[in-house]
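Presented below is the structure to which this report refers.
The values are calculated or read from the model by the stated rules, or taken from the named source; none is laboratory data. Keep in mind it's a predicted model, so treat the numbers as computed, not measured. Note that we place each Cβ from the backbone using ideal geometry, even for glycine, and neighbour counts take in every protein chain shown.
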Ligand SMILES: [Zn+2]
């Protein structure tokens, strides 16, 4: 099976340094493996979406010459596939409707577990749909972070698949789409490591393949804060693609060859992409500043 990687941004702001690092690392891995690289826009949460953000992220990738091998997949157009997956989980008894509010669960000071609802069905109100999470350890070997193990029931309990307001959960959409796009390795930010066991559990219940995983060190700003779109991280300067890419390469511990032709620079960087160096950096992400 040939290598297929992906970059999956959420359109909640412009492309910032942390996202660029994820985009670049996944691109380098795919190119080094002579595989394909895809882009998926995770636009399943309209209330959190920033208008024009999808277009600006895709335009920034283009300016940086991080070119995908297929047209981008938009999760906002994948509702039927998520509905089908939920239907399968319901048919197999893995999903149940839930009218519990956040306040209900806080009163019980507990996670939602074992399919046990606090609130009873409320007529006229749409339920959320949750996964009845089995008492089971999910283990996987992360390409950078090493062996991982989580009991999803203990850690997060019966997680939401579809919200009461009709929005699909990130976990379900991601599991379904990684399979749909035939992704063989997921290279993404460290803060999604914790989501991976939930996604592997869904893949197993839905009979989908599990890709390999590689979670990168976090991109931190000069004061050691995580760079995320929600914390006003500055957007990257795509008008200076060479300098911007060189900065991201250095963050990944890779040599940043000073070549005016950025496509040649990226090709060289992909040929030299060195996972062991990145692995050493993973052990001490806090030491690294993007500047
Ligand atoms: Zn419930």
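Among the residues of the range 101-114, count how many are within 8 Å of the ligand (Cβ to nearest atom) and either closer than 10 Å to residue 164 by Cα or touching a residue at least 40 places away in the same chain (Cβ under 8 Å) (or both).
1
So, residue 171, is that one away from the ligand (no atom under 16 Å from the Cβ), surrounded by 15 or more Cβ atoms within 10 Å (Cβ to Cβ) and modelled with pLDDT under 95 or not?
Judged against the criteria, residue 171 is not a match.
Pick out the one residue from 142, 165, 135, 158 that is surrounded by fewer than 19 Cβ atoms within 10 Å (Cβ to Cβ) and touching a residue at least 40 places away in the same chain (Cβ under 8 Å).
After applying the criteria, what remains is 142.
Filter the range 196-214 for residues that are out of contact with any strand residue (DSSP E or B) (no Cβ under 6 Å at 6 or more places or on another chain), surrounded by fewer than 21 Cβ atoms within 10 Å (Cβ to Cβ) and in contact (Cβ under 8 Å) with a residue 12 or more places away in the chain; which is nearest to residue 25 (Cα to Cα)?
The residue in question is 210.
Go through (1) part of a loop (DSSP other than H, G, I, E, B); (2) farther than 27 Å from residue 267 by Cβ; (3) touching a helix residue (DSSP H, G or I) at 6+ places or on another chain (Cβ under 7 Å) for residue 66 and report which single condition fails.
Residue 66 satisfies every listed condition except (2).
From the set of residues in the range 230-266 that are within 15 Å of residue 61 (Cα to Cα) and at pLDDT below 85, which is surrounded by the fewest Cβ atoms within 10 Å (Cβ to Cβ)?
Here the residue is 239.
Quick check on the range 99-127: of everything there that is over 18 Å from residue 152 (Cβ atoms) and not in a loop (DSSP other than H, G, I, E, B), which residue is modelled with the lowest pLDDT?
Taking the candidates together, the pick is 107.
Restricting attention to the range 37-53, does a residue exist that is at pLDDT 95 or above, part of a helix (DSSP H, G or I), surrounded by fewer than 21 Cβ atoms within 10 Å (Cβ to Cβ) and more than 18 Å from the chain's Cα centre (by Cα)?
There is no residue in the range 37-53 that is at pLDDT 95 or above, part of a helix (DSSP H, G or I), surrounded by fewer than 21 Cβ atoms within 10 Å (Cβ to Cβ) and more than 18 Å from the chain's Cα centre (by Cα).
Sort out which residues of the range 80-98 are in a helix (DSSP H, G or I) and touching a strand residue (DSSP E or B) at 6+ places or on another chain (Cβ under 7 Å), and write them in order of number.
Once the filter is applied, which keeps residues that are in a helix (DSSP H, G or I) and touching a strand residue (DSSP E or B) at 6+ places or on another chain (Cβ under 7 Å), the range 80-98 yields 82, 86, 89.
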